[in-house]
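Remarks on the structure that follows.
The values are calculated or read from the model by the stated rules, or taken from the named source; none is laboratory data. Here the structure is a predicted model, which means the values were calculated and not measured. Neighbour counts run over all protein chains shown; Cβ positions are idealised from the backbone, glycine included. With ligands, DNA and RNA removed, areas are computed over all heavy atoms of the protein, side chains included. Shrake-Rupley method; radii C 1.70, N 1.55, O 1.52, S 1.80 Å.
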Amino acid sequence: MALGSEGLRAYSAPGKALVAGGYLVLDRAYDSYVVALSSRMHAVVKKDDGGAGEEETVVSVKSPQFLDGEWVYLFKDGVCTEQNGKVNPFAQSTVSTVLAYINPNQHSKIQITVFSDSGYHSQENTTTRSSGSRQYSYHSQKITDVPKTGLGSSAGLVTVLTTALYSCYSPDLDLKSKQQLQIIHNLAQIAHCQAQGKVGSGFDIAAATFGSIVYKRFDPSLINNLKPANEITPLEDHKQLVKLVNETKWGIRNDKVALPNGIRLIMGDIKGGSNTPKLVSKVLKWRSEDPESSKIYNELDKSNMKYVESLDKINKLCDTNPYEYEKLLDFVKTHNSIQVMESDEEKLQFFKQIIKATSIVRSNFRKITIKSGAEIEPEPQTRLLDECNKINGVISGVVPGAGGYDAISLLVEERSVDNLIQSTKNNELFQNVTWMDLHEEADGIQKEQLGDYIELL
């Protein structure tokens, strides 16, 4: 059934790439650098207040881009169930968490339609539909059967669903308000962790909420100490959520950042993929057993912070001396990273620091790969990244996030992107790599124009 436009609101949340801080992000002792990406998860929401006699709040979540993409949740007496027994842990956990937090005194019918940009999923066997300025890919399979690209689709979904639902009970929602964003972030972290059945680092939810940031995680005990909803009364659950979301200091770091002008983050999606939880469990086991692991972690941290600091200094140079900065970009465009390192040009020092810091990070990840058995930077990825470093305009590259075979990410001088694509087009090493049409979009959750969805509702 098509939604009338009256009372509709639309929001979107970005994807992410963890470019500095892989594995360290799990530990509150360290900071990480997360870039928000232009592939976004979208939600269009409408609330109809229920009439007399209704006993439950009904939330319909539709995802028309996927086969059989609709879930209907009934929330009654603090319990959330899917009307047809269909499983979508992230949607269900979000509906359950937000409504338990709100504890509505009037039952309503809420319809949420979700759209995802093409960067989140494999684009094989898709058709395209448009509305306003946007295009969306429609798949012939169920959402669980379409391969993901690792941009954080579940975090984007949970964050944008949380925002859409929360807005139904907070009509004056202001996404410029730090307090309101913190509420959305806290609710989304709780819902995401409960859907996963474990407390992760939370950097993906933080990026979806706040955008590109330097991030330090929250204490896992905040969520681990919540009493299971099925062991307490609905009122007790509501009160514990209000206390945790509104009154508890989470202690995260979420300082806003952005890549310097003229520098793009390029993601290469790799056909294959890795099991992130397995990689993480192997690394954590190694870390707990090997005394040398602290030394490696500290080296990684120093290099990551040098990377972040150098990007900040490049940003300042761009602001204070744009002419000089343009000359440096011209040099980077016509030279590869090896030549940049060999140059005597003093003003390239910040670019050199990024290249050196990335090299040390990669070296340490290869050590962890050998010591832990977790393929963080396996040999095929090493060959890909080394080959990229020989291409003019490529500043540096890593295997992002938890590593493995999912993707590679590169910092590239903006005008050199076509050169990268052409240089790798006929190179056998890159036959399984697809360069994704993405860029940094430094803002997190934001309100959107209804025209970009209305024709598809």
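Computed from the C-beta positions of THR81 and ASP255 and an R0 of 30 Å, the FRET efficiency is 0.15 to the nearest 0.05. Quick check: from the Cα gyration tensor, does the range 263-436 come out rounded (a/c under 1.5), prolate or oblate? Note, shape of the range 263-436 comes out oblate. Each Cα pair under 8 Å and six or more residues apart adds its separation to the average, and for the range 307-435 the resulting relative contact order is 24 percent. In this Cβ point-charge picture (+1 for Lys and Arg, -1 for Asp and Glu), the chain has a dipole of about 720 debye about its Cα centre. The slack in the chain from SER294 to VAL242, taken as 0.36 nm per residue of separation less the alpha-carbon distance, amounts to 15.0 nm.
What a 1.4 Å probe finds exposed on the chain is 46% carbon and sulfur by accessible area, rounded to a whole percent. Using 0.36 nm per residue and subtracting the Cα-Cα separation, the extra length available between GLU70 and SER221 on full extension is 51.0 nm.
Stretching GLU55 away from LYS148 to a fully extended chain increases their span by 29.7 nm, per 0.36 nm per residue minus the current alpha-carbon distance.
To the nearest 0.05, how large is the calculated FRET efficiency for GLU326 and ILE421 if R₀ is 25 Å and r is the Cβ-Cβ distance? Please list the in-between numbers first.
Values: r = 23 Å, r/R0 = 0.93.
The computed FRET efficiency comes out at 0.60.
Approximating the spin labels as points 7 Å out from Cα along Cα→Cβ, the LYS302-to-HIS439 distance works out to 3.7 nm.
Highest mean first, the peptides 190-201, 206-217 sorted by other C-beta atoms within 10 Å per residue fall in the order 206-217, 190-201. Look at the dipole of the range 309-457 built from charges on Cβ: of CYS318, ALA374, ASN432, the Cα furthest out on the positive end belongs to ALA374. Helix 276-289 and the long axis of the chain differ in direction by around 70°, with both axes built from C-alpha atoms. From the Cα gyration tensor of the chain, with a ≥ b ≥ c the square roots of its eigenvalues, which class applies: rounded if a/c is under 1.5, or else prolate if a/b is larger than b/c, or else oblate? Here the chain falls in the prolate category. Where in the range 263-287 does the amide nitrogen come within less than 13 Å of the point 7 Å from the Cα of GLN141, taken along Cα to Cβ? Residues 272 fall inside that zone. Of the residues PHE115, PHE90, the one with the largest accessible area comes first in the ranking PHE90, PHE115, computed with a 1.4 Å probe on protein heavy atoms. Bridging of LYS316 to lysines at a Cα separation below 18 Å is possible for LYS256, LYS306, LYS327, LYS347, LYS352, once same-chain residues fewer than 8 apart are set aside. On a per residue basis, the chain carries 45 Å² of accessible surface, using protein heavy atoms and a 1.4 Å probe. FRET efficiency for the GLN106 to GLN431 pair, using the beta carbon distance and R₀ = 35 Å, is estimated at 0.05. Summarising the strand pairing of the chain, around 95 percent of its internal DSSP beta bridges are antiparallel.
Looking at GLN106, SER130, GLN92, which one has the Cα that reaches farthest to the positive end of the dipole of the range 92-150 (charges on Cβ: Lys, Arg +1; Asp, Glu -1)? Value: GLN106.
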